[in-house]
1. Which whole-Hz ³J(HN,Hα) couplings does region 353-367 yield from phi under the Karplus relation 6.51 cos²θ - 1.76 cosθ + 1.60, θ = phi - 60°, glycine and proline marked x?
2. Quick one: which residues, 5 or more positions from Glu393 or on another chain, have an amide H under 5 Å from its amide H? H modelled 1.01 Å from N in the peptide plane, none for Pro or chain starts.
3. At R0 = 35 Å, how high is the FRET efficiency between Ala12 and Trp330 if r is their beta carbon distance? Nearest 0.05 is fine.
4. Evaluate the relative contact order of region 277-404 (contact order divided by residue number), counting alpha-carbon pairs under 8 angstrom at least 6 apart; express in whole percent.
5. Where does each of 76-83, 48-55, 161-168, 216-223 land if you order them by average Cβ count within 10 Å, highest first?
6. For Tyr229, Tyr86, Tyr178, what's the fewest-to-most ordering of other Cβ within 10 Å of each Cβ?
7. What full-extension length gain, to one decimal in nm, is calculated for Arg74 and Phe149 as 0.36 nm per residue of separation minus the Cα-Cα distance?
8. Can you list residues whose amide H is under 5 Å from Leu315's amide H, if they're 5+ apart or on another chain and H is modeled 1.01 Å from N?
Amino acid sequence: MAVRKLHLVTGALVAYSFVVSLVPTTLSYLNPEALEDISLTSGSLARQLQLSLLFLVAAIVLYRHRRQMSAVVRQLNPFLLLLLAYCLLSVLWSPYPVVTLKRVIILLGLLLVGLGVSPVLAGALQFPRILLATLMAICLLSAVTALAFPEIGIDPVHGTAWRGITFQKNTLGLVAAYGLVLWVFEWSRGEFRRSLCLAGLLFSAFVLVMARSSTSILMAVLGACVYGYWQRRWFTGDFSNGILALVALLFLLLLGHFYYVLFGQWLSWAELAGPIAGLFDKGTDLTGRTSIWHFLLATFQQHPVLGIGYGSFWLGEGSPAQAIADALGWMPPQGHDGYLDLLNELGVAGFGLFVLMLAWHLRSIVQLMRFDRSEAALHLAFLCIILASNVTETDFLSDTAFQNIVLIFSSTSLSARVFMLRQRHPGARVPAPHLGRVPGLGR
């Protein structure tokens, strides 16, 4: 009974965390120009109470199970902890030290929640399955809202695109994209009825199309392909080399991206990107993002080593971002590039810690693949979606942004899962070319 209650609490923490990140607390989103700030720094009192309650419950859960969690804490991604420490240290040079401190508190609170919902307390697959249930509930309510209350559920800025009960159409598209990948995951494991998985897949795809978010469609395809390839039970050989090749490809793409931002011209950009952008009714300037990138890169060069300070740049009128707003004629809410925003706020030093954190995260995925390939492939799919989507949006370390929470929860889940499996099977190295997971291992 105690275990069941614990699972109910941890499941509620997972669901509540993602609802907070995706659904406004009020009907303020009826005004397309007044989207709610979902942080403790300047958000509504209701949002602050929501987050405070979330972090408090997580802290209580961890305290009551401190013996189980003490060993897991020592197994956490060390570069994640160093990165959080660096963000806190940036209070010393941040132009808005109070804002920086509040945002560090949010990151620490999310880390507490991530530990509270880790497999040690919540079970191996509770995180992805509660996430799936939460996303499907949001999709269902969004579909009902869009059909029954179009003044709320239709995004007025983008014609007939659905936004449902979320902040905007891109948010709903991302919800459906992750839901689709999770249904592919459940299909491959064979623990749910195939008819249920097929219905979930079709419904997620339907909502994804109705949201009319081209980026989300690309992320859904990317995530499903990455997962489908790396979980294949007939895959043989040293799969870690293939993962490194995938990471190298992503790295080369990012290098190309930075080259374009740095020099402002890429001779083959229009030829390569034009046909693809045309399919999604977009220009090769990525809806004006490249202009922001050029100004952001110039700003970064003013403080290249340490950065301006975590979370202290995009703070509206009168903030350090005002110069960019004056040049553009409008105030962007973010740099629309997670990599450039990190460089600007944390400098080369903080960005280096972030890269090392991702490398350790990938190492944990490779370790988990020796025990449960499908679960590891899901974390790899999440990572690839996050890395790719941050080229045009900023989610890295971005308060309670949905993908920031996914990355933190994925990191804590991986650390705990690998620790548990090593404890249960010390010294195990399982290539298992024909197995999705090691027989006899508990989930």
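1. After applying 6.51 cos²θ - 1.76 cosθ + 1.60, I find 5, 5, 4, 5, 4, 5, 5, 5, 4, 5, 4, 5, 5, 4, 5 Hz.
2. Those lying under 5 Å, H to H, from Glu393 are Gly338.
3. 0.30
4. Working: 143 pairs, mean separation 32.6, N = 128.
Over region 277-404, the number comes to 25 percent.
5. Result, highest mean first: 161-168, 216-223, 76-83, 48-55.
6. Sorted ascending by nearby Cβ count, the order is Tyr229, Tyr86, Tyr178.
7. Taking 0.36 nm per residue and subtracting the Cα distance, the gain is 22.1 nm.
8. For Leu315, whose amide H was placed from the backbone, the distant partners under 5 Å are Ala321.
Taken together, the values in this text are just the output of simple stated rules run on the coordinates, not laboratory data. Bear in mind the structure is a predicted one, so any value in this text is a computation, not a measurement. Methodologically, a virtual Cβ is constructed for each residue, glycine included, from the backbone with ideal geometry; neighbour enumeration extends over all protein chains shown.
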